[in-house]
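Asker: Have a look at the structure that comes next, please.
The values are calculated or read from the model by the stated rules, or taken from the named source; none is laboratory data. This structure is a prediction, so every number in the text was calculated from the model and none was measured. Here the Cβ is made from the backbone with ideal geometry for all residues, glycine too, and neighbour counts use every protein chain on show.
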Amino acid sequence: MKPQATVESPSSNLPRKGRGFSKEELLAAKFSIKEARAAGLIVDLRRKSKYKENIDKLKDYKKEYENWLVEKEKERIKLRKINAKARKEAALRKKELAVKELEREKEIEEEKKRVQEEIAKREAEELKAETEEELSEEELAELEELEQSITEETPAEPATEEEALEKIEEDLAESLGLQQEEKPKVEATTTTTTVTKTPDGVKKVVKRVRKKPTKTTKGASEKAEKKG
């Protein structure tokens, strides 16, 4: 509680309470006018009197005010330390977050690079496989054409004695001018080998047997004898 000045009444010569302390009372209590006003005291520069009671009040109040200033300064220092510590921790957290962000970006870049390398490697392998497959198909096509041409150029030879006898009879009937009796007969079999490649990369060999019907002159010799 702020002290109040006590002065004497000029009419009855009795003490009464006034509003402010005089300059002499402040100087006696080692209070400057600026400090007194900063402490919330009222200063009455018009009054020139000096009372011991007011000086004692100012001395006691000054002690209390100085103690309050010390406590206030301690609180300020404590708050200042707390704020400094909080700012430091915030700066450290920000730095750690920045470092983690950089590490994360680096990991993302490395992962992206690795994925791109894997994709490029896979595409290269697929392209190589497709190229090998295309070359294999071309080679197989050339092989098939070669086999067909060889089959067409090679004349069919009689495979058995009976077929040879029928060939002789046919020649004899042709020389005598006899009408041949057509009878379907199967020639020697022609085998064509085809090599194909499955999607799994396994080569598959397929053999095709072709049988062509032919004309025979069986019984032509008997007719020639009867006619003769």
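Asker: With the requirement that a residue be modelled with pLDDT under 90, β-branched (Val, Ile, Thr) and farther than 14 Å from LYS2 by Cα, what does the range 23-74 give you?
Answerer: Residue satisfying the conditions is ILE33 alone.
Asker: Return the total of residues in the range 37-54 being farther than 9 Å from PHE21 by Cα and of a type outside the set (Ser, Thr, Tyr).
Answerer: As a first pass, look at the range 37-54 and keep what is farther than 9 Å from PHE21 by Cα: 37-40, 46, 48-49, 51-53.
Next cut, of a type outside the set (Ser, Thr, Tyr) only: 37-40, 46, 48, 52-53.
Number satisfying all stated conditions: 8.
Asker: Moving on. Starting from the range 53-78, take each residue that is in the same structural domain as GLU24 (by TED's automatic domain parsing) and surrounded by 11 or more Cβ atoms within 10 Å (Cβ to Cβ) and list its partners that are among the charged types (D, E, K, R) and assigned to a helix (DSSP H, G or I), counting only C-beta distances under 7 angstrom and pairs at least six apart or across chains.
Answerer: ASN54/GLU25; ILE55/GLU25; LEU58/GLU25
Asker: Tell me, which residue of the range 21-52 that is in contact (Cβ under 8 Å) with a residue 12 or more places away in the chain and among the hydroxyl-bearing types (Ser, Thr, Tyr) is surrounded by the fewest Cβ atoms within 10 Å (Cβ to Cβ)?
Answerer: The residue in question is SER49.
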